1. Please list Tyr175, Tyr151, Tyr82, Tyr70 in order of solvent-accessible area, largest first, computed with a 1.4 Å probe with all protein chains present.
2. Tell me the accessible surface of Asp116 in square angstrom (1.4 angstrom probe, heavy atoms of protein chains only), to the nearest ten.
3. Using a 7 Å offset from the Cα along the Cα-to-Cβ direction at both Arg144 and Phe65, what is the distance between the two label points in nm, to one decimal?
4. Below 8 Å, C-alpha to C-alpha, sequence gap of six or more: please give me the relative contact order for the chain in percent.
5. Find the Cα radius of gyration of the chain, compare it with 2.2 N^0.38 Å by division, and give the number to two decimals.
6. Return the distance in nm (one decimal) between the two label points of a simple spin-label model at Ala30 and Thr185, each offset 7 Å from Cα along Cα→Cβ.
7. How do Phe188, Phe84 rank by accessible surface area computed with a 1.4 Å probe, from largest to smallest?
8. With a point put 7 Å past each Cα toward its Cβ, work out how far Leu79 is from Thr172 in nm, to one decimal.
Amino acid sequence: MNAEPPLLLALDLAGTFAFGLNGALTAVRAARLDIVGVVTLGMVTALGGGIIRDILIDSLPPATFSDWRYLAVAAASGLVAYGFGRRLERLAGPIIVLDAVGLSLFAVTGASKALDFRLGIGQAIILGAITAVGGGTLRDVLIRRIPTVLYSELYAIPALIAAAITAVTVRTGVYGIPAAIGAATACFVVRMVGVRFGLNAPGLPGAQDGGPGGADRR
């Protein structure tokens, strides 16, 4: 079992649970899969970003496979969503909020772990964003949907902001629980503001906003 710093482990497991619920609820609401599909999609969403991160920084085997708690938390989130998801299948709100929570936590842990492996600030910021969007991207590909990161309201940008805050605070020696919470909160707030007001990164001139479904999806 990896001896990760307690703060990093706690944030990683919290992000795993949030993303697992998000992926499993997406399976219930959008893809209408059976219990195997629900749990599988939840686990892929929860663990995909962390696996990509660990492979890129050569932290092998990935934490998912060297620490049973990751698999247990991911599987538990899928089972919880399967048990209670039918009551929420008409509500898009819980899925969006859980996605924002997972995005925020994984951006912080991805950048922090990258710095633990002595990568530079720029590389840590990129890895934080990859960790944050990786699981959701795999989720969308598996259900044959354009990945949210390619079109949705301020998705990658909030992750980059949280990763940047994390990297700077680690490098300046002030990283800790308040800094981690602050970075995650910044990501969450920017993401939810983007969702609430339909804000997007600049697109091609004349292109229709909103990704699949255009403006009708809001």
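The values are calculated or read from the model by the stated rules, or taken from the named source; none is laboratory data. This structure is a prediction, so every number in the text was calculated from the model and none was measured. For neighbour counting, all protein chains shown are included, and Cβ atoms are generated from backbone atoms with ideal geometry for every residue, glycine included. Ligands, DNA and RNA are excluded from the accessible area calculation, which covers all protein heavy atoms including side chains. Shrake-Rupley method; radii C 1.70, N 1.55, O 1.52, S 1.80 Å.
1. Per-residue accessible area, sorted high to low, gives Tyr82, Tyr175, Tyr151, Tyr70.
2. Answer for Asp116: close to 90 Å² accessible.
3. For the pair Arg144/Phe65, the computed spacing is 3.0 nm.
4. The value is 22 percent.
5. Compared with the compact-globule rule of thumb, the chain sits at 0.97.
6. Using points 7 Å along Cα→Cβ, the separation is 3.0 nm.
7. Output order, biggest surface exposure first: Phe84, Phe188.
8. 4.4
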